[in-house]
1. Residues ARG58, ARG46: which one is in contact with a helix residue (DSSP H, G or I) (Cβ under 8 Å, 6 or more places away or on another chain), free of Cβ contacts under 8 Å to residues at least 60 places away in the same chain, assigned to a helix (DSSP H, G or I) and of a type outside the set (A, V, I, L, M, F, W, C)?
2. Among residues belonging to the range 8-25 that are surrounded by 11 or more Cβ atoms within 10 Å (Cβ to Cβ) and part of a helix (DSSP H, G or I), point out the one that is modelled with the highest pLDDT.
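The values are calculated or read from the model by the stated rules, or taken from the named source; none is laboratory data. This is a predicted model, so every value here is computed, not measured. As a convention, Cβ positions derive from the backbone with ideal geometry for all residues, glycine included, and neighbour counts pool all protein chains shown.
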Amino acid sequence: MSDKISEMKGATTLVVKKRKEDRVTLSRDPLLSLCARIFRNKKTQRRAKEFLLDVIERKEEGEPIASGEWKDYLEKWDISRSSFYSMRNQLISAGLLELRKGEYHPSTRFSMDLKDMAEWWETQVP
């Protein structure tokens, strides 16, 4: 099975925690807590949260972030192009972000995947 996971294109690993107090919904900062389950590096966690918030805000304003705006984030965060795209690709692979017609949009694929897994698991537990 691990061979299949490593071969999956666009797969992102998500840390699942079992303690009740680790629930994302109980966090003071749920989005940062969610990003911490995807990214190990604290700076990347904060950048991912900021980028997602920017994507959501700009979408709500009716001016989605264009894919060409990546340069602004390189300057803002003083990071390399590969660092930005690595973070972006993980957000896309996790289903939190999507790129449509050259624009970034928040995605519901993440929640749909989790619901699907949860519903399947409920059929397995007597």
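1. Values: ARG58 fails: in contact with a helix residue (DSSP H, G or I) (Cβ under 8 Å, 6 or more places away or on another chain).
ARG46 is the lone residue from the list that is in contact with a helix residue (DSSP H, G or I) (Cβ under 8 Å, 6 or more places away or on another chain), free of Cβ contacts under 8 Å to residues at least 60 places away in the same chain, assigned to a helix (DSSP H, G or I) and of a type outside the set (A, V, I, L, M, F, W, C).
2. That would be VAL24.
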